[in-house]
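Data first, discussion second: the structure below is written as structure tokens.
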Amino acid sequence: MCFPCTKKNHLKRCKSAMDRAAGVLQLALAGAGVLLLYRILVRLRAEASLQDAVVVITGASSGLGKECARVFHAAGARLVLCGRDAARLQQVVQELAANPTGSQQTYAPVAVAFDLADRHTVDTAAEDILRCYGHVDVLINNAGISYRGAILDTDISVQRDVMETNYFGPVALTQALLPSMVRRRSGHIVAVSSVQGKIAIPYRSAYAASKHATQAYFDCLRAEVERCGVRVSVISPGYIRTNLSINAVTGDGSKYGVLDKNTAQGRDPTDVARAVLKAVRQRSSDVILAGPLPSLAIYLRTLWPALFFKLMASRARKEQKPKDE
Ligand SMILES: NC(=O)C1=CN([C@@H]2O[C@H](COP(=O)(O)OP(=O)(O)OC[C@H]3O[C@@H](n4cnc5c(N)ncnc54)[C@H](OP(=O)(O)O)[C@@H]3O)[C@@H](O)[C@H]2O)C=CC1
Ligand SMILES: CCCCCCCCCCCCCCCC(=O)OCC(=O)COP(=O)(O)O
């Protein structure tokens, strides 16, 4: 009796079917092995790519930018660190230069200080950046400011100022550096956006609008320059433990000056910087670094907008200041 199928006189046919199945299984295993090997090789090739790479980081004087500087420095990148305050940048340069890491060859970073919100300085800064090493491999548009306020109480100049820093500044720097990347048919542009580039939360209009604009611009750019060998990643983190909320502007342009609970309890900036490094290594297009609730909110905004808007209106009512009532 044939053991596998229990039919009498069936052993021969059944055996050959089993042989065939074993052959198919072997082939599948071999295929999976080749695929795994290929992926490991692709990964190794990508992981090696940051040694000596010229990486420009804006907003490198504090928070996420400073942590990005640390992790890209440790990966062997040649850094150009940007921010408004030359002295704070110099401090980061010295900290990194004093910290050679492991067996990796590291380089002392260079600092280029300029104000992203000043449209007259960005082109000159881009020329200074290009003069450092002759080209740029990775541009990380990280600098940004936050905002707190009701639209009714917010001066239009504040709406414009936040857009200048968070949107037009990075766009101007990107467009100034892009032609050289396209000429070399190589480069990677990262935009640090936010969960608020995917969903808009009440009393954050200027910030959320600037991040939505960032998402849209860099999505367009990704599609347009892929054929030129230039990659684009948009990173959308949830709360990160930095001074962002302290530096936020309010409706009248004054500084908010408070470390919000959400920000204080946010992710470790080093972890987020590692995720930025991974996105560059893996050439990821769009990365959301958020917990389940914000991620669910992003899906809800697309799949059930009416419910999302109701939840946001209820949030706005709860946050409403007494003077608005
Ligand atoms: N913290 C959070 O919860 C989250 C942050 N993000 C994003 O991460 C990015 C980094 O913010 P984070 O590290 O948290 O905040 P920080 O306030 O610590 O860092 C902001 C950086 O931007 C620089 N900067 C601000 N304005 C300008 C300007 N006009 N020109 C040039 N540089 C400027 C600052 O440097 P200097 O003042 O010396 O010029 C500083 O280095 C931002 O784009 C933010 O929107 C996204 C999601 C969550
Ligand atoms: C099932 C869905 C329920 C809806 C819940 C809404 C959840 C909203 C999550 C919001 C996450 C926002 C992350 C923001 C990250 C960021 O950019 O932070 C920078 C800020 O300045 C944040 O300002 P905030 O005033 O919001 O602290």
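Worth a mention:
- Distance between the stretch 137-194 and the stretch 208-266 - C-alpha centres, whole angstrom: 8
- Rounded tilt (10° steps) of 11-48 against the dominant C-alpha axis of the chain: 30
- Counted charge near residue 78, where neighbours are those whose Cβ lies closer than 14 Å (Asp, Glu -1; Lys, Arg +1): -1
- 5 angstrom amide H check on residue 78, placed H, neighbours 5+ away: 52, 53, 54, 55
- Degrees, to the nearest 10: 305-319 long Cα axis against longest axis of the chain: 40
- A crude spin-label estimate for the pair residue 312 and residue 95, with each label 7 Å from Cα along the Cβ direction, gives 3.6 nm.
- Among the listed pairs 66/198; 255/278; 211/261, those with a Cα-Cα distance over 23 Å are 66/198; 255/278.
- Under the shape rule built on the C-alpha gyration tensor, where the axes satisfy a ≥ b ≥ c, the chain is oblate, since a/c reaches at least 1.5 while a/b does not exceed b/c.
- The label point for residue 160 and the one for residue 175, both projected 7 Å from the Cα toward the Cβ, are 1.7 nm apart.
- Counted by Cβ distance under 14 Å from residue 238, the other residues give a net charge of +3, where Lys and Arg count +1 and Asp and Glu count -1.
- Residue-by-residue Karplus 3J(HN,Hα) for the stretch 226-242, coefficients 6.51, -1.76, 1.60, Hz, glycine and proline x: 4, 5, 9, x, 9, 9, 9, 10, 10, 10, 10, x, x, 4, 10, 6, 9
- The mean sequence distance of close C-alpha pairs (under 8 Å, at least 6 residues apart), as a share of the length of the chain, puts its relative contact order at 16 percent.
- Of the residues 114, 309, 168, the one with the fewest other Cβ atoms within 10 Å heads the list, and the complete ranking is 309, 168, 114.
- At an R0 of 22 angstrom, the distance between the Cβ atoms of residue 216 and residue 183 translates into a FRET efficiency of 0.30.
- Gaussian network model of the chain, springs between alpha carbon atoms under 10 Å - residue of 18, 312, 163 with greatest fluctuation: 18
- Spread over its residues, the convex hull of the C-alpha atoms of the stretch 163-211 is 62 Å³ per residue.
- Among 154, 302, 214, the order by Cβ neighbours within 10 angstrom, fewest to most, reads 302, 154, 214.
- Segments 127-138, 67-78, 196-207 sorted - mean Cβ within 10 Å per residue, highest first: 67-78, 196-207, 127-138
- Using 0.36 nm per residue and subtracting the Cα-Cα separation, the extra length available between residue 39 and residue 261 on full extension is 75.8 nm.
- Between residue 27 and residue 271, the modelled labels are 4.5 nm apart [label points 7 Å from Cα along Cα→Cβ].
Since every read-out is calculated from the coordinates, none of them should be taken as a lab result. Predicted model only: the values in this text are computed from it and were never measured. All Cβ positions, glycine included, derive from the backbone under ideal geometry; neighbour counts span all protein chains shown.
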